[in-house]
1. May I ask you to list the residues in segment 58-82 that are over 15 Å from residue 25 (Cβ atoms) and surrounded by fewer than 20 Cβ atoms within 10 Å (Cβ to Cβ)?
2. Can residue 101 be described as assigned by the TED database to the domain that holds residue 207, in contact with a strand residue (DSSP E or B) (Cβ under 6 Å, 6 or more places away or on another chain) and either surrounded by 23 or more Cβ atoms within 10 Å (Cβ to Cβ) or at pLDDT below 95 (or both)?
3. Being touching a helix residue (DSSP H, G or I) at 6+ places or on another chain (Cβ under 7 Å) and either crowded, with 19+ Cβ neighbours inside 10 Å or modelled with pLDDT under 95 (or both) is the filter here, so list the residues in segment 115-128 that pass it.
4. Let me confirm something: among 180, 154, which residue is part of a loop (DSSP other than H, G, I, E, B), outside the structural domain of residue 75 (by the TED database) and surrounded by fewer than 21 Cβ atoms within 10 Å (Cβ to Cβ)?
5. Being surrounded by 13 or more Cβ atoms within 10 Å (Cβ to Cβ) and either in contact with a helix residue (DSSP H, G or I) (Cβ under 6 Å, 6 or more places away or on another chain) or more than 27 Å from residue 224 (Cα to Cα) (or both) is true for just one of 3, 18, 95. Which residue is that?
6. If I go through segment 33-55 residue by residue, how many of them are modelled with pLDDT of 95 or more and surrounded by fewer than 16 Cβ atoms within 10 Å (Cβ to Cβ)?
7. Would you tally the residues in segment 1-41 being under 13 Å from residue 67 (Cα atoms), assigned by the TED database to the domain that holds residue 83 and more than 16 Å from the chain's Cα centre (by Cα)?
8. Test residue 216 against the stated conditions and say whether it is in contact with a strand residue (DSSP E or B) (Cβ under 8 Å, 6 or more places away or on another chain), at pLDDT 95 or above and either crowded, with 19+ Cβ neighbours inside 10 Å or under 25 Å from residue 113 (Cβ atoms) (or both).
C-alpha cells in the first residue's frame, strides 16, 4: 500500500451514520494542512491537477486526503487502482460502473463508493455546524419559505443544526442526483420535509429534473453530528 503523507491520519473504515449501506465502502481521514509537504503528492502517487497545484495548502491537503480515501475505497470495493479526476463540472470522475462521493470540511475528509448495479447515486457532504448567529444570517439563502415556516416550530437552540442539516443534505442530494439527471439544481429546488435527531431526514423535489425525478418526488437521507461537524448522505438504490 502506498504510504500515507504525514498530514493525514490512518484511513478509518468505521461507519458513522445511523444506517449502514450494504455493498458500499466508506473511508475517512483527518488531515492537517500545516503538515503538508511539497513532495506528499508524489510520494502518495496522487498526481495533482493544475488547479490544485496553484491552490493554497488547505485546498491541496483536502484534495489529497479526499483522493486517498477514494482510491483506497475503490481498491477495497473492486480491486481498482484509480484516482478520480476532476470533471469539467468539478465533480469527481468515477469508473463507469461505480457510484461515489468525496467530501471534506475543516481537517476531515471522507469518500464512499458502491456499484451502480446496487446504488444508482451516492451523495455525501460534510459541514461545520453553524453557530446560531451565523445560521440566522444565512437562513434566507438556504431554506425555502415552507422550511422557514417549519423552523419556527422548533426550539431556537436547534436552528444552527437545522440550517446546517438543510444545507448539507441538499448538497448530498445534488451529488447523488446530478450524475443521474445531468441537470444542475439549487437549494430552492428541494425541501426538507422532516428530520429527527436520530439522524433520518426526508426530502422532496420542488422541480422537474427528468420524467422520473419530478416535482413532488420524495427521498430519504441520513445524517450524524460528530463534534463540531455534520455528515449527511443521500443514497439512491437501484
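The values are calculated or read from the model by the stated rules, or taken from the named source; none is laboratory data. Everything numeric in this text was worked out from a predicted model, so none of it was measured. In this analysis, Cβ positions are derived from the backbone assuming ideal geometry, glycine residues included, and neighbour counts consider all displayed protein chains.
1. Scanning segment 58-82 gives 58, 59.
2. Details: assigned by the TED database to the domain that holds residue 207: no; in contact with a strand residue (DSSP E or B) (Cβ under 6 Å, 6 or more places away or on another chain): yes; either surrounded by 23 or more Cβ atoms within 10 Å (Cβ to Cβ) or at pLDDT below 95 (or both): yes.
Considered against the rule, which asks whether it is assigned by the TED database to the domain that holds residue 207, in contact with a strand residue (DSSP E or B) (Cβ under 6 Å, 6 or more places away or on another chain) and either surrounded by 23 or more Cβ atoms within 10 Å (Cβ to Cβ) or at pLDDT below 95 (or both), residue 101 comes out as no.
3. Here is the first cut: in segment 115-128, the ones touching a helix residue (DSSP H, G or I) at 6+ places or on another chain (Cβ under 7 Å) are 120-125, 127.
Selection gives 121, 122, 123, 124, 125, 127.
4. Only one candidate passes the filter, namely 154.
5. Numbers: 3 fails: surrounded by 13 or more Cβ atoms within 10 Å (Cβ to Cβ); 18 fails: either in contact with a helix residue (DSSP H, G or I) (Cβ under 6 Å, 6 or more places away or on another chain) or more than 27 Å from residue 224 (Cα to Cα) (or both).
After ruling out the rest, the residue left standing is 95.
6. 2
7. Matching residues across segment 1-41 total 3.
8. Values: in contact with a strand residue (DSSP E or B) (Cβ under 8 Å, 6 or more places away or on another chain): yes; at pLDDT 95 or above: yes; either crowded, with 19+ Cβ neighbours inside 10 Å or under 25 Å from residue 113 (Cβ atoms) (or both): no.
Considered against the rule, which asks whether it is in contact with a strand residue (DSSP E or B) (Cβ under 8 Å, 6 or more places away or on another chain), at pLDDT 95 or above and either crowded, with 19+ Cβ neighbours inside 10 Å or under 25 Å from residue 113 (Cβ atoms) (or both), residue 216 comes out as no.
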